[in-house]
1. Of the beta bridges DSSP finds with both residues in the stretch 29-182, what % are antiparallel, to the nearest 5?
2. Quick one: which of 371-379, 393-401, 189-197, 271-279 comes out on top by average Cβ neighbours within 10 Å, and what's the full order, highest first?
3. Take peptides 152-164, 29-41, 176-188 and line them up by average Cβ neighbours within 10 Å, highest first, as a rough protection proxy.
4. With 10 angstrom as the radius, rank E254, E347, E100, E436 by how many other C-beta atoms surround their C-beta, starting from the fewest.
5. Kindly count the pairs of lysines across the stretch 278-421 whose alpha carbons are less than 29 Å apart, treating pairs on different chains or eight or more residues apart as eligible.
6. Assuming a ≥ b ≥ c are the square roots of the Cα gyration tensor eigenvalues, decide whether the stretch 153-220 counts as rounded (a/c under 1.5), prolate (otherwise, with a/b larger than b/c) or oblate.
7. Let me make sure I get this right: for the stretch 75-168, a, b and c are the square roots of the gyration tensor eigenvalues over alpha carbons, sorted descending. Under 1.5 in a/c it's rounded, otherwise prolate if a/b > b/c, else oblate. Which is it?
8. With both partners inside the chain, how many of the DSSP beta bridges are antiparallel, as a percent to the nearest 5?
Amino acid sequence: MKVCVVGAGYVGLVTGAGLAALGHDVICVDTDPSKVEGIKNRKAPFFEPGLDSLLEQTVASGKLDASIDLGSSFAGADVSIIAVGTPSNEIGIDLTYVREAATAIGRLLPAQSKFHVVVVKSTVVPTTTDTIVRQELELASGLIASRDFGLAANPEFLREGCAVEDFTNPDRIVIGALDDRSRQILAAMYFKCECPIVHTTPRNAEMVKYAANAVLATLISFSNEIAGLCETVPGLDENIVMSGVHLDRRWWVEAADGTRIHPAILTYLRAGVGFGGSCFPKDIRAICSFAAERGVPLRMLSSVLSVNEERARRIVDLLGKELGDLKGKRVAVFGLAFKPNTDDVRESPGVEIGKQLLIAGASVVTHDPMVSHQAAVRSLGGSVDYESDAQAAATGADAVVIATAWDQYRRLDWVAIAVKLKQAVVLDGRQVVSSEQLPRKFKLLRVGRGEYGGLACPEAPKTL
Ligand code: UDX
């Protein structure tokens, strides 16, 4: 099958390369010539584990190509996939790029000699595919959807930092086809994928994506809200509390041998510094706006956002209670990426914590295994310092705040870090270090723990 992917970003390029690896002939189209050149040279324009080798394999085999020209890339394609950005704007979701892609594809449809399916993979609010996209396509082509061309919504569920793995071993595929021919063609496109395929309408497919992200974000904000309360009560420890919650039989299944299998979802039910990235915040803002327009405000999801937005300031308050006035204090922020195994700092909690520290008058030095100095300055401004080595970042600092759960921070030589610090204080925002790893002189501030009552809590039982 020939597939034309419009948009070679995180979703478009991983999807395109993944489909090429399945044996399809894929061309990724992007308006950015440097991105196109990079792909042709088998170098991904952004970091995703395994993507370079996937490009190496699929470009070398001739299965994957890239182009800035949609017309030539579209000719003869069975499927075109719209995978362009849908940024937030003041009314919720900005569909400009989706509309532009639909119009450009619509203009090319009449020249197609066979039934062609247009797929919307970008995250769009329910009804977008079967109204706005459909209208743009029909207006630009003069054709009728379902009769002359196919249309479907096919949302992605690719986590950053493991997107290639998530495409190669999908947990689900959701196909919201407008017509049966589209459904059959998309089922064929994914024929090698061994996972449940949900066949439904475009609207339901669009809504699955929002509900999936919303429930994950809700668990995170729920945990952080409970943590926020625990942090005000000396002796309370969210970690212990959640360990007790996780044991609820409705959170695990019993294996044949009697052992308990705890779902990965439980990692979302633990205190942290909040969620970031290009999906959760944007998608929740979009679905809240969409619902409000329909007179059904999503009060809980609005709170999920506000709890998350307050979390960075709360973390800085916790540090202030330990260090006193933060003005003039030097704080090392370990972790600017919004999650491990990516250099993406979009809406990152680490960046927000850095901003709040600067507002509090602290001097901030940042470290991240993958985020560059330039990216740190772009996010936090020129007043922030940056070190590529954690010990150098800790030198002379009054405290370290761990804001991203990088494995490197689990394995750090904390004895060496302690020597460098002016005050041996670490606020572990991601629960990655245990008190056993730290020299006795260290003061470990852990999220979700009522510390400043002076009551240090025993480590949570290792039940999971
Ligand atoms: C998310 C969805 O998981 C994915 O299915 C969708 O396609 C895109 O959006 P992603 O944002 O890459 O993927 O990552 P995820 O691992 O879900 O983390 C999102 C944010 O939640 C990160 O900032 C992460 O640090 C945070 N998080 C995650 C927590 O704060 N606590 C957790 O326990 C897990």
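1. Details: 4 of 14 bridges.
The antiparallel proportion sits near 30 percent.
2. Numbers: 371-379: 17.0, 393-401: 23.2, 189-197: 13.3, 271-279: 25.2.
Top of the packing list down: 271-279, 393-401, 371-379, 189-197.
3. With the highest mean Cβ count within 10 Å placed first, the list reads 152-164, 176-188, 29-41.
4. Working: E254 10, E347 20, E100 15, E436 6.
So the ranking, lowest neighbour count to highest, is E436, E254, E100, E347.
5. Number of lysine pairs found: 15.
6. Values: a/c = 2.80, a/b = 1.33, b/c = 2.11.
In terms of gyration-tensor shape, oblate.
7. On the way: a/c = 2.31, a/b = 1.36, b/c = 1.69.
It is oblate, given that a/c is not under 1.5 and a/b is not larger than b/c.
8. 15 percent
Read-outs throughout are calculated quantities, based only on the coordinates presented, and are distinct from any laboratory measurement. No experiment lies behind these values; they were computed from the predicted model shown. Positions of Cβ are backbone-derived with ideal geometry, glycine not excepted, and every protein chain shown enters the neighbour counts.
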